[in-house]
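Undergrad: Here's a structure for you.
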Amino acid sequence: MKKVLIISYYWPPSGGSGVQRWLKFSKFLPKYGIKPYIYTPKNPTIELVDNELTKQISNDMTVWKKKIYEPYSIKNIFSKKSRKTETSGVISNSKFGYIFNWIRGNFFIPDPKFLWIKPSINYLEKKLIENSIDTIISTGPPHSMHLIALALKNKLNLKWIADFRDPWSKLDMLNEFHLTKSSTKQHKSLENQVLKKCDICLTVSEKWVKMFSELGARNVKLITNGFDEDDFKFSTDITADKFVIGHFGLINHLRNPATLWNALNQICKENKDFDSKLEIRLSGNIDLNILSEIESFKYLKDKIKNLGYLSHSEVIKQYSKANVLLLLLFNSESGKGNYPGKVFEYFATQKPILSFGPSESDTKELFTEFNKAFYHSYDDPIDMIKKTIEILFSKNYISDHYDIKKFTRENLTKELADLIISIH
């Protein structure tokens with residue numbers, strides 16, 4: 001059986017979207033004759049915990065762990081927020097927040113995991129030789145994982161796939177860190193070294209394939225995120241006297257559909273039947289200012305059900321209880337090329353989807369294939385959004401099935417296995 005090392009900061013019991021992609025790839029790789037070896041921190045800074053995910057770590061995987069030091073104690077000086085209520089890697093709206101973000105952006109390059117790079121190189125060099133592993137995969141962010149792989153590539157002349165779940169130098173969030181010209185140049189230089197040296201640059205959307213190609217990557221390939229059929233063996237559990245709109249994940253200043261809240265409030269005022277049935281279910285990290293904004297609407301304040309943070313399996317159960325699944329993309333340049341992991345899970349439910357994002361995006365293009373998927377720009381007028389909600393409420397849409405077999409984690413892993421074989 002062929003062996004491959006996967007360098008990933010995120011691994012169970014860490015929760016959140018960063019874990020799913022490579023946990024699922026690792027689950028199915030042995031089926032295609034490839035044994036995954038996982039390298040991950042022994043003591044990561046875990047913002048979200050999902051202990052149930054550890055059950056998906058099979059005996060076919062070998063997991064190596066090494067202690068990491070992350071200079072996050074400085075963050076506690078500037079922010080008293082608990083990690084479960086933070087909605088981004090930055091602190092905003094304060095002088096101290098500006099200082100922290102500046103330090104974070106200009107001293108911790110490419111990210112606060114940079115102190116793990118050197119000890120990881122020394123540790124993994126021995127492990128790779130001892131276990132006769134000649135292929136490595138790094139997944140970022142955090143992009144320090146790519147720098148570990150870059151050094152190993154240079155030392156051992158391995159085959160290397162660099163997986164980008166998000167952009168690096170083109171990530172909108174970098175603007176929040178107030179980078180100096182020198183820091184910006186350093187990010188771009190490190191990114192360029194990774195893109196030029198890796199055998200395959202792997203990413204998750206068509207726009208990002210184009211972006212990384214333009215940045216100089218030699219061999220860019222696309223494998224989207226997807227869904228695991230084993231996770232979706234449930235029956236729909238909709239209550240007839242409720243119209244439930246559910247969102248499961250991050251809501252922050254870059255993912256806030258203000259016009260949606262306004263539209264829902266207006267329909268409640270105009271339609272007593274809608275008003276009596278509407279329920280808004282939210283789970284995950286929600287900016288408290290946005291929660292207050294929603295609650296400020298007269299007809300919405302009693303309709304919000306804040307479920308807090310849920311494990312992945314609990315989130316999937318909540319899908320079954322919703323009439324409409326809400327999908328929010330970043331209202332930014334990055335959002336144009338981002339397929340949120342949950343979009344494919346939403347497809348698996350065969351339920352209507354209401355999405356908000358930039359005026360043009362890969363997700364918008366994807367939705368043209370599906371009659372039950374409705375896409376709005378964050379700038380669309382309220383009347384247009386109201387019309388869509390009324391269509392969803394009255395079920396006045398074509399209820400066909402999504403053809404989603406190509407997005408199963410198993411089929412996507414077959415694509416990955418083919419890529420691994422192709423570079424040898």
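Undergrad: Any chance the range 299-318 includes a residue that's outside any helix (DSSP H, G or I) and of a type in the set (Val, Ile, Thr)?
TA: Residues of the range 299-318 outside any helix (DSSP H, G or I): 299-311.
Among the residues that remain, those that are also of a type in the set (Val, Ile, Thr) are: 304.
Within the range 299-318 (the criterion being outside any helix (DSSP H, G or I) and of a type in the set (Val, Ile, Thr)), the answer is yes, since at least one residue qualifies.
Undergrad: Pick out the one residue from 389, 421 that is surrounded by fewer than 17 Cβ atoms within 10 Å (Cβ to Cβ), assigned to a helix (DSSP H, G or I) and modelled with pLDDT of 95 or more.
TA: Working: 389 fails: surrounded by fewer than 17 Cβ atoms within 10 Å (Cβ to Cβ).
Checking each option against the conditions leaves just 421.
Undergrad: Let me ask something else. Quick one: in the range 90-148, which of the residues that are among the basic types (Lys, Arg) and in contact with a strand residue (DSSP E or B) (Cβ under 9 Å, 6 or more places away or on another chain) is farthest from residue 64 (Cα to Cα)?
TA: Among residues in the range 90-148 that are among the basic types (Lys, Arg) and in contact with a strand residue (DSSP E or B) (Cβ under 9 Å, 6 or more places away or on another chain), the one farthest from residue 64 (Cα to Cα) is 113.
Undergrad: Also: Looking at 229, 214 in this structure, which one is of a type in the set (Asp, Glu) and free of Cβ contacts under 8 Å to residues at least 40 places away in the same chain? Spell out the reasoning first.
TA: Numbers: 229 fails: free of Cβ contacts under 8 Å to residues at least 40 places away in the same chain.
Answer to the check: 214.
Undergrad: For the range 137-165, give me each residue that is in a loop (DSSP other than H, G, I, E, B) and more than 19 Å from the chain's Cα centre (by Cα).
TA: Within the range 137-165, the first condition is being in a loop (DSSP other than H, G, I, E, B), and the residues that meet it are 141-143, 157-158, 165.
Correct list: 157, 158.
Per-residue answers, yes or no, for (1) touching a Phe, Trp or Tyr at 6+ places or on another chain (Cβ under 7 Å); (2) at pLDDT 95 or above; (3) of a type in the set (Lys, Arg):
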{"position": "3", "(1), (2), (3)": "yes, yes, yes"}
{"position": "9", "(1), (2), (3)": "no, yes, no"}
{"position": "34", "(1), (2), (3)": "no, yes, no"}
{"position": "80", "(1), (2), (3)": "no, no, yes"}
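Undergrad: Sticking with this one: May I ask you to say which residue of 320, 355, 332 is touching a residue at least 12 places away in the same chain (Cβ under 8 Å), surrounded by fewer than 20 Cβ atoms within 10 Å (Cβ to Cβ) and under 24 Å from residue 222 (Cα atoms)? First the steps, then the outcome.
TA: Values: 320 fails: under 24 Å from residue 222 (Cα atoms); 355 fails: surrounded by fewer than 20 Cβ atoms within 10 Å (Cβ to Cβ).
When all the criteria are applied, what remains is 332.
Undergrad: Go through the range 180-210 and give me each residue that's in contact with a helix residue (DSSP H, G or I) (Cβ under 7 Å, 6 or more places away or on another chain), assigned to a helix (DSSP H, G or I) and under 30 Å from residue 349 (Cβ atoms).
TA: Residues satisfying the conditions are 206, 207, 208.
So that you can scan it fast, the table gives a plain yes or no per residue for (1) modelled with pLDDT of 90 or more; (2) surrounded by fewer than 16 Cβ atoms within 10 Å (Cβ to Cβ); (3) closer than 29 Å to residue 176 by Cβ; (4) among the aliphatic types (A, V, I, L, M):
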site: 58; (1), (2), (3), (4): yes, yes, no, no
site: 87; (1), (2), (3), (4): no, no, yes, no
site: 90; (1), (2), (3), (4): no, no, yes, yes
site: 113; (1), (2), (3), (4): yes, no, yes, no
site: 148; (1), (2), (3), (4): yes, no, yes, yes
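Undergrad: For residues in the range 396-418 being among the charged types (D, E, K, R) and either within 19 Å of the chain's Cα centre (by Cα) or over 18 Å from residue 366 (Cα atoms) (or both), which is surrounded by the fewest Cβ atoms within 10 Å (Cβ to Cβ)? I'd like the intermediate steps shown before the answer.
TA: Just the residues of the range 396-418 that are among the charged types (D, E, K, R), to begin with: 400, 403, 405-406, 409-410, 414-415, 418.
Next cut, either within 19 Å of the chain's Cα centre (by Cα) or over 18 Å from residue 366 (Cα atoms) (or both) only: 409-410, 414-415, 418.
Working: 409: 22, 410: 16, 414: 15, 415: 16, 418: 12.
Top of the filtered list is 418.
Undergrad: Let me ask you something else. Working only within the range 158-176, note down all residues that are of a type outside the set (Ser, Thr, Tyr), over 19 Å from residue 18 (Cβ atoms) and crowded, with 16+ Cβ neighbours inside 10 Å.
TA: Listed by number, the residues that qualify are 158, 159, 160.
Undergrad: So, of the residues in the range 189-246 that are within 25 Å of residue 405 (Cβ to Cβ) and of a type in the set (Gly, Ala, Ser), which turns out to be surrounded by the fewest Cβ atoms within 10 Å (Cβ to Cβ)?
TA: 235
The values are calculated or read from the model by the stated rules, or taken from the named source; none is laboratory data. Keep in mind the model is a prediction, meaning the values are calculated, not measured. Positions of Cβ are generated from backbone atoms using ideal geometry, with glycine treated the same way; all protein chains shown enter the neighbour counts.
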